[in-house]
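A short worksheet on the structure shown next.
The values are calculated or read from the model by the stated rules, or taken from the named source; none is laboratory data. Keep in mind it's a predicted model, so treat the numbers as computed, not measured. A quick note on method: Cβ atoms are made from the backbone with ideal geometry, for glycine too, and the neighbour counts reach across all protein chains shown.
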Amino acid sequence: MKESIDLSQILPIIAPIIVIQLILMVIALVLCAKAERTRGPKWVWVLIIIFVNIFGPIAFFIAGRRTDG
Amino acid sequence: MSSEAKASPSVSVANPPLSSSMTRYRVMVEKELLELVRSFKLLWVPLVFILLGIMQPVSTYYMPAILEHAGSLPDGTVIDIPLPQAAEVLAQTLQQFGTLGILVLVLVCMGTVSGERNSGAASLILVKPVSLLSYVGSKWTAMLMLAWGSLAAGYLASWYYTGLLIGAVPLNKVIGSLLIYGLWLSFVVTTAILFSSLLRSPAAAAFSSLVSSIVLSLLAGLFPKALGWSPGALSGFASQAVATGISDSGEFSLAILVVFIGMIAAVCAAAGALRRSSAVE
Amino acid sequence: MTTLLQVKGLSKSFGAVKAVSDIDFTIKEGHCVALLGPNGAGKTTTIRMITGLLKQTSGEMEFQGAAESGHHRSLIGYLPQSPSFYSWMTGTEYLVYAGRLCGLSAATAKLRTKALLERVGISGAAKRRIGSYSGGMKQRLGLAQALVHQPKLLVMDEPVSALDPLGRKEVLELLRELKQETTVLFSTHVLHDAEALCDDVIIIRNGQIALQGAIDRIREDHRKPTIELQVEQDEHSQRWMTSFSRRIQSLLNKKDEGALFQDIQLQNGIARFTVREMDAARRMLMEELAHEQVKVSRLEVGHTSLEDLFMKVVTG
């Protein structure tokens with residue numbers, strides 16, 4: 001085996017990725033909490049947003065909310 | 001409209017002065033941007049592009065280590081994947097934008113016109129003395145701003161990470177390919193808005209514009225000689241611009257001309273489609 | 001009194017279906033005009049053509065004053081049946097936006113917005129998102145946005161149909177004030193609303209004008225004397241009632257111009273006769289009743305109402 005991945009070396013590099021994912025997740029969760037009506041049950045969306053990386057929040061942004069004028 | 005022609009004898013009166021229609025257009029663009037802010041689109045779409053942009057160089061850099069740790073390989077296998085050139089990584093980033101990025105943009109654009117028509121909000125706006133062209137044009141402008149902003153943020157983030165992990169790429173090459181790729185994204189966004197005006201269903205509009213963009217780039221990839229002038233070739237030109245430099249500048253300028261004409265035609269066609277069937281709701 | 005809008009031969013077909021065919025009417029400045037008719041008569045189509053949302057198949061519309069200010073759309077304020085807005089905007093933002101699209105400066109638009117919100121009674125909700133408004137509040141906001149550029153003609157499509165009785169009353173009250181200031185055209189299928197507000201009425205049916213004119217004149221012109229007769233429930237009287245109305249009906253069918261009766265309707269045991277000559281008809285009826293020893297419970301002399309006329313025009 002060659003040298004293993006040094007976590008302290010990686011962390012500063014992948015930190016922004018994690019931070020951005022967290023931001024997306026938080027925005028989606030806030031919008032989900034504030035939305036009066038969602039397409040499908042809210043708790044399912046919460047699970048999707050938290051557990052599906054990147055695509056969970058995106059899916060909610062695009063398809064999750066029902067808006068009427 | 002016969003009534004208008006009858007009611008207003010001179011042409012100058014029939015068309016409101018240019019300055020006032022410019023003001024209205026500006027007011028409508030501001031409204032579209034405010035909508036992008038309120039719906040958080042102006043935040044999350046660029047973030048997604050930045051994420052895509054960062055992930056490409058990072059995953060390229062760590063690919064050997066990740067493979068090694070996956071543990072599915074027999075002991076003693078020597079993994080020797082050469083690190084690609086820095087410029088290649090950026091070209092790969094553009095490919096990411098070409099799939100996931102376009103998907104996100106098209107899904108964001110799919111309901112811009114049809115959503116307002118279906119809800120009836122458009123009819124309240126369109127009875128006001130505003131032209132259909134500035135109605136469609138304002139949406140188009142706002143969406144282009146979103147697309148360009150997201151692309152620039154994502155691509156520059158990718159460039160920064162590539163420089164950090166793999167190697168430097170001259171900024172002027174990056175900007176050049178960014179501009180070319182931005183035109184391709186603009187074209188896709190424009191078709192999405194056109195389909196959103198033609199079709200009542202947002203899903204159908206998204207599907208149609210995705211299919212047309214895929215077909216365009218596939219055809220341009222299959223027949224690079226015959227279709228070098230088509231908008232679909234632009235993403236290829238963008239990759240060339242950053243990696244090797246554009247080989248056929250004649251075809252390239254033709255493609256740029258075609259893309260501009262295509263976008264103008266699409267915006268006019270969208271306004272025309274609304275004029276023919278503006279019986280909204 | 002000058003003519004604000006003149007409509008000549010306006011028609012609209014959707015494929016083979018003629019929604020509106022060959023409508024002529026004029027709207028005088030300062031008048032309140034109701035477009036009255038049952039659902040599906042072509043009211044909304046007519047209104048949409050006037051607002052320019054729908055292009056007519058044929059016919060013309062002439063707006064007085066359009067030559068001065070250019071676009072005739074800037075002369076019109078439009079309120080659709082159930083207006084929808086941008087739910088993410090606040091009431092104030094929407095009105096300012098609407099005003100600016102009509103060519104007002106930012107400052108004027110803000111001033112008008114404030115005044116109008118006050119006027120339609122939703123200034124308390126001015127800073128709330130429209131998405132949280134109730135139906136009545138949206139209707140008021142719709143009215144405000146139609147008035148923001150002080151239009152010469154306010155066009156409304158069923159302005160109170162979707163509202164509950166209370167909201168309906170309030171909006172009607174508001175319209176009564178507004179019609180003092182501007183020319184109003186609105187569609188409705190409720191005669192009562194038209195009667196309560198309007199000077200002129202245009203009754204349309206199957207896409208054509210069935211009757212139009214000043215509402216008072218129509219009421220006068222079509223006012224006919226009527227006699228309502230109700231008898232006791234006993235067998236003899238009931239039998240007489242049936243046979244008598246049948247006799248009158250057969251007389252009516254002969255289309256005798258000289259006949260006393262013009263029409264008869266039997267409903268819930270009450271006979272309603274429309275008569276040509278009240279005195280002769282009443283005498284004849286009283287004699288008949290006395291002779292046959294019918295037990296009369298009610299005999300009432302009156303006039304046909306606008307409602308009767310409306311029903312006749314619309315169904316006949």
Those residues that are touching a Pro at 6+ places or on another chain (Cβ under 8 Å) and either more than 10 Å from C:Pro80 (Cβ to Cβ) or at pLDDT below 90 (or both), I need them from the stretch C:140-166; list them, please. C:Leu141, C:Leu143, C:Gln145
Is one or more of the residues making up the stretch C:52-66 more than 26 Å from C:Val190 (Cα to Cα) and assigned to a helix (DSSP H, G or I)? yes
Of all residues in the stretch B:55-85 being modelled with pLDDT of 90 or more and closer than 22 Å to B:Phe237 by Cα, the one that is surrounded by the most Cβ atoms within 10 Å (Cβ to Cβ): B:Pro57
Matching residues in the stretch C:87-133 - criterion: being of a type in the set (Gly, Ala, Ser) and farther than 13 Å from C:Gln150 by Cα: C:Ser87, C:Gly91, C:Ser105, C:Ala106, C:Ala107, C:Gly121, C:Ser123, C:Gly124, C:Ala125, C:Ala126, C:Gly131, C:Ser132
Output the strands (runs of 3 or more DSSP E) that fall wholly within the stretch C:200-316 and possess 2 or more residues being of a type in the set (D, E, K, R) and farther than 30 Å from C:Leu185 by Cα, or say none. C:296-303
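Could you run through the stretch C:205-239 and say how many residues are in contact (Cβ under 8 Å) with a residue 60 or more places away in the chain and polar (S, T, N, Q)?
Just the residues of the stretch C:205-239 that are in contact (Cβ under 8 Å) with a residue 60 or more places away in the chain, to begin with: C:205-212, C:215, C:218-219, C:222-232, C:234.
Within this subset, residues satisfying the condition of being polar (S, T, N, Q) are C:206, C:208, C:212, C:226, C:230.
The number of residues fulfilling the criteria is 5.
Could you go through the stretch B:23-35 and let me know if any residue there is assigned to a helix (DSSP H, G or I), within 14 Å of chain C (Cβ to nearest Cβ) and either over 25 Å from the mean Cα position of the chain (by Cα) or modelled with pLDDT under 90 (or both).
Just the residues of the stretch B:23-35 that are assigned to a helix (DSSP H, G or I), to begin with: B:23-35.
Next cut, within 14 Å of chain C (Cβ to nearest Cβ) only: B:23-35.
Narrowing further to those that are either over 25 Å from the mean Cα position of the chain (by Cα) or modelled with pLDDT under 90 (or both): B:23.
Yes: the stretch B:23-35 contains one or more residues that are assigned to a helix (DSSP H, G or I), within 14 Å of chain C (Cβ to nearest Cβ) and either over 25 Å from the mean Cα position of the chain (by Cα) or modelled with pLDDT under 90 (or both).
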Going residue by residue through the stretch B:211-228, is there one that turns out to be touching a residue at least 24 places away in the same chain (Cβ under 8 Å) and of a type in the set (A, V, I, L, M, F, W, C)? no
For the stretch C:70-115, what are the residues that are within 14 Å of chain A (Cβ to nearest Cβ), small (Gly, Ala, Ser) and not in a helix (DSSP H, G or I)? C:Ser82, C:Ser84, C:Ser87
Take the stretch B:104-121 and flag every residue that is in a helix (DSSP H, G or I) and either within 9 Å of another protein chain (Cβ to nearest Cβ) or among the β-branched types (Val, Ile, Thr) (or both). B:Val104, B:Val106, B:Leu107, B:Val108, B:Thr112, B:Val113, B:Gly115, B:Glu116, B:Ser119, B:Ala121
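Determine whether B:Thr190 is farther than 24 Å from B:Gln56 by Cβ and either modelled with pLDDT of 95 or more or buried (at least 23 other Cβ atoms within 10 Å of the Cβ) (or both). Even if it seems obvious, please write down each step before you answer.
Numbers: farther than 24 Å from B:Gln56 by Cβ: yes; either modelled with pLDDT of 95 or more or buried (at least 23 other Cβ atoms within 10 Å of the Cβ) (or both): yes.
Criteria met by B:Thr190.
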I'm trying to understand the selection: among the residues of the stretch A:45-56, which are more than 7 Å from every other protein chain (Cβ to nearest Cβ) and either loosely packed, with under 11 Cβ neighbours inside 10 Å or touching a residue at least 12 places away in the same chain (Cβ under 8 Å) (or both)? A:Trp45, A:Val46, A:Ile48, A:Ile49, A:Ile50, A:Phe51, A:Asn53, A:Gly56
Which one of the conditions (1) out of contact with any helix residue (DSSP H, G or I) (no Cβ under 9 Å at 6 or more places or on another chain); (2) within 14 Å of chain B (Cβ to nearest Cβ) does C:Glu118 fail to meet, given that it meets all the rest? (2)
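Restricting to the stretch C:236-280, give me the number of residues that are among the hydroxyl-bearing types (Ser, Thr, Tyr) and either farther than 22 Å from C:Gln293 by Cα or surrounded by 13 or more Cβ atoms within 10 Å (Cβ to Cβ) (or both). Quick ask: steps written out before the conclusion?
From the stretch C:236-280, those among the hydroxyl-bearing types (Ser, Thr, Tyr) are C:237, C:242-243, C:245, C:250, C:274; that's our starting set.
Imposing the further condition that a residue be either farther than 22 Å from C:Gln293 by Cα or surrounded by 13 or more Cβ atoms within 10 Å (Cβ to Cβ) (or both) reduces the set to C:237, C:245, C:250, C:274.
Going through the stretch C:236-280 one residue at a time, the tally reaches 4.
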Please state which one of A:Val19, A:Val46, A:Val30 is under 24 Å from B:Tyr61 (Cα atoms), of a type outside the set (D, E, K, R) and at pLDDT 90 or above. A:Val19
